Amino acid sequence: MSLNLVQAHGMAMAIGLMIFGSTGILFARYGRSIRFGNRRQLLGKSVWFQIHRFLLSFTPLLVLVGFLFILVRKGGKWADPTSADIRIFIHSILGGIILCCVIIQIWLVLYRCHPQSRYRYIFDWSHRSIGLLGFSLFFPAVFIILVVMYSFRPTLLPIFSCWTAWMVIVVLTLERIQSRQRKPIVPVEHNGHGGNENQQRTNASGQLDTETGAQVYLTNGYYNYIKIIFFSRYLRKCIRNYDGYKVNLKAISKRQFDRIFRAIRPDQIVTLTLCDDEETPGQMSLFFTLFPAFEQSFIRLECLHIRNFEACPILHPMNVLHTISIDFVQWPVHSFGIANIQKFDEKFASIFRLPTLRTLILNKESVNNRFNIQILPTNENITQFEIHLRTIDNLSLLFKCFPNIQRLTFSLNTTSVDDDFTSEFRIPRSLTHLTMKVSFGLRDEIKRILQSCPMLIYLNIHIEWKQTDTLQWLDADWWQSIVEEFLPRLEIFRLQVDIPSSPELNITNDSLKGFQTQFWTNRSFTIGMMPFDPLSVDCRRETIENKVLTINLASSPMITFPNAEILKLEHVTNSETTCYVISQLVEIQRYMNDFSILEHLILQSACAVTSSVLTQLINVSPCLTRLTISSFNSQLHPLLNSKYPQIRWLDMRREYLPKKFRTSLCSAFPCLEHLMNCYLYDEVYLEILIENLKDLQNLTTRILSYYFEDDGELDHWLRTHTRLKNFAFKLIDHRQILLWISN
């Protein structure tokens, strides 16, 4: 009877831990992608979880039964290390710890918290740690007792050793397979024209089930990159469970682009910004290659912002898409004017036909001023529209297209061709919010628009400095008559007037006094001027801060300006002089003594700085990472004898890089990530720059003595002559190259 109890103890422990325990742990670790056909759930739970729970339900039962067998065999007494073999005592201690782990696991599973509880991570880590501890102690406990039994059971030790080796091989193999699945997106074909393998890999993940861990509800901020998720499998699961991402891909690196779409699925994104410009060339082509079935993949997408409509396909109806913003890119040495716009008339028409569309923004002034509005179909669903107009004569066409429009924003670039102003606008009575930016226009034209908008409750007018007579817009009596006569419902009125030059400030102060009457002070009206408003009046008005500060060292008065993010230095005089070199930092501090938020230094015509001045400026400007030059010989060449690791962005403004300074440029800016508008004499220069700038993410260049026939030739050259493997690009006029690199 005693021998049978010992054998029953060993069989129960072996079956419970070697078969059910090990298999259940493997399913929890490596079997989460298992599905039945297209179904990932079984009886309301994931397939892997049902298998894991089923197998490990037998483990504690068999362990408790096995412990009961040996307890009866020993008569309820613990092994005595003084009278028995010390190895049997160690075996009993390890078995007792395993038994405790099993009992704790039972209580943890029975009383685990809800998957969305903020304390769920406690259960996750304790359940995982205690389970691995108990299973790990099983191996030394068995090896110890098999060594004791080796004299009369010699075959058991080799059998268990082979099983242990087999478990190690299985775990290493599965870890290798899983690590390959975790790698970033595979490099695609040239210019983003590759297969759909990456999309299949991205879409294969599916929705995260409720038993994988706590859900973390992230804020609705824009995510330019997601790095932390690769440090923890738990965090990756939390990221995959959130379905309200607002992803902005503007100025993003190629590596971060790959990481984002490796980490999240298309159906988790509600706002998406695609940007195909000099800093991210080829992004649109790459994106729509990864997601050819765009409408079926982004089923929760509500807002879509597109920069460079050229690479965007024709959009088909989507379920919840209500906002589209379209911007245009004017590539260097490439005109994207009226002829190019007309090629995409069908794309625009398809967008206007989207049944769920409510807001449409066309916001690139230099392009939209000649947009063909006549091609637009009527859409009664659009309530908000923004566009740049060449003349106000196009307004009547807009109102025909949008009979139910509520919010309209437009920029007026030129005056009307109809000088007599006899035609009337048929503005819908639904229009309640109007925003105008007037570059060139007449007061009669603005009055003509406003008198047709009796239902306005919000009016925002921005008068740019390009006007011939700026002060006419500061006539308080004229504005008061407009509001009282035509805008009875107006609640919010904002007027901003750009002042072209400071000598007019005295006249401007007198004009602003008209806004101090009771009519203006008792209303929510804002009157402001650019670049600054020195008059302290009683009416509400906003002070507008200028982020760009331009200093002409030859004529600017000695006034200390407030801080700015962008500093432009120039030395312009009436007579032609040589380049003026700033040799001391105090020459800049006379105008601007606070550099805490300075990000970008621009050296304009006939002005340069020495290397010591730039070094001092970098030391007092922790945010300074961008440098723009206008001349290589006078501005950039003197700087190459020092190093500036803080500079990450350099714009050479189409200056050619001489041969003998190729390596000097790389040494002076070792951490350079963006090299813009750097013109080269041959393709060897390009190869040297890519090889030496290890952190390079973006390169815009033009090669003088070499040209590429098509995208395929450029792709082949980059892959054979450089270290680049994962990249996207745009090839413009066979010589202009825009690279987007993943380093």
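The values are calculated or read from the model by the stated rules, or taken from the named source; none is laboratory data. These numbers were taken from a predicted model, which means no experiment stands behind them. Every residue, glycine as well, gets a Cβ built from its backbone with ideal geometry; the counts of neighbours run over all protein chains shown. Surface areas here come from the heavy atoms of the whole protein model, side chains and all, with no ligands, DNA or RNA. Shrake-Rupley method; radii C 1.70, N 1.55, O 1.52, S 1.80 Å.
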| said: If you average the C-alpha positions of segment 239-286 and of segment 475-490 separately, how far apart do those two centres end up, in angstrom? | reply: 46 Å
| request: Could you state how much accessible area residue 710 has, in square angstrom rounded to the nearest 10, with a 1.4 Å probe and all protein chains kept in place? | output: 80 Å²
| task | Taking H placed 1.01 Å from N in the peptide plane, check which residues at least 5 places from residue 550 or on another chain put their amide H under 5 Å from its amide H. | result | 568
| What nm value, rounded to one decimal, do you get for the distance between residue 717 and residue 684 when each label is placed 7 Å out toward the C-beta? | 1.5 nm
| Any idea of residue 713's accessible area? Nearest 10 Å², probe 1.4 Å. | 60 Å²
| note | Taking a ≥ b ≥ c as the square roots of the Cα gyration tensor eigenvalues, with a/c under 1.5 meaning rounded and otherwise prolate when a/b beats b/c or oblate if not, segment 51-111 comes out prolate
| Over the heavy atoms of residue 156, what accessible area does a 1.4 Å probe trace out, to the nearest 10 Å²? | 70 Å²
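Per residue, how large is the accessible surface of segment 5-180? Use a 1.4 angstrom probe and give square angstrom. Working shown, then result.
Working: 10640 Å² over 176 residues.
On a per-residue basis, 60 Å².
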| request: May I ask you to evaluate 6.51 cos²θ - 1.76 cosθ + 1.60, the Karplus curve with θ = phi - 60°, for each residue of segment 476-481 and list the ³J(HN,Hα) values in order in whole Hz, giving x for glycine and proline? | output: 5, 5, 5, 5, 5, 5
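List, in the order given, every pair from 246/347; 254/694; 694/725; 400/437; 254/725; 254/730 whose Cα-Cα distance in the structure shown is over 19 Å.
Numbers: 246/347 24 Å; 254/694 14 Å; 694/725 14 Å; 400/437 22 Å; 254/725 12 Å; 254/730 14 Å.
Violating the 19 Å limit, Cα to Cα: 246/347; 400/437.
Explain nothing, just the number: relative contact order of segment 5-180, from Cα pairs under 8 Å at least 6 residues apart, as a whole percent.
Relative contact order of segment 5-180: 21 percent.
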| request: Work out from phi, with θ = phi - 60° and the Karplus expression 6.51 cos²θ - 1.76 cosθ + 1.60, the ³J(HN,Hα) of each residue of segment 304-315, listed in order in whole Hz, and give x for Gly and Pro. | output: 10, 10, 10, 10, 5, 6, 4, 8, 7, x, 5, 8
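Keeping all protein chains in place and using 1.4 angstrom, which order do 644, 681 fall into by accessible surface area, from largest down? Write down the numbers at each step before the final one.
Values: 644 5, 681 100 Å².
Sorted descending by solvent-accessible area, the residues read 681, 644.
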| Semi-axes of the equivalent ellipsoid for segment 82-182, Cα gyration tensor, largest first, Å | 32, 23, 8
| query | Taking θ as phi - 60°, what are the ³J(HN,Hα) couplings along segment 628-633 by the Karplus curve (6.51, -1.76, 1.60), each to the nearest whole Hz, with x for Gly and Pro? | reply | 10, 10, 10, 8, 6, 5
| request: For residue 176 and residue 78, calculate 0.36 nm times their separation in residues minus their Cα-Cα distance, and state this gained length in nm to one decimal. | output: 30.9 nm
| Using a 1.4 angstrom probe with every protein chain in place, what is the largest-first accessible-area order of 162, 623? | 162, 623
| note | Distance in nm between residue 596 and residue 168 label points, each 7 Å along Cα→Cβ, equals 6.0 nm
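Rounded, prolate or oblate for segment 5-180? Axes are the square roots of the Cα gyration tensor eigenvalues, ordered a ≥ b ≥ c, and the cut-off for rounded is a/c under 1.5. Could you put the intermediate results ahead of the total?
On the way: a/c = 2.30, a/b = 1.61, b/c = 1.43.
Prolate, since a/c reaches 1.5 and a/b exceeds b/c.
Quick one: length gained pulling residue 481 to residue 513 fully straight, 0.36 nm per residue minus the C-alpha distance? The partial results should precede the final answer.
Working: separation 32, 0.36 × 32 = 11.52 nm, distance 1.65 nm.
Contour length minus Cα-Cα distance gives 9.9 nm.
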| field | segment 5-180 - percent of accessible surface contributed by carbon and sulfur, probe 1.4 Å | value | 73 percent
| remark: With label points set 7 Å from each Cα along the Cα-to-Cβ direction at residue 734 and residue 111, the distance between them in nm comes to 7.9 nm
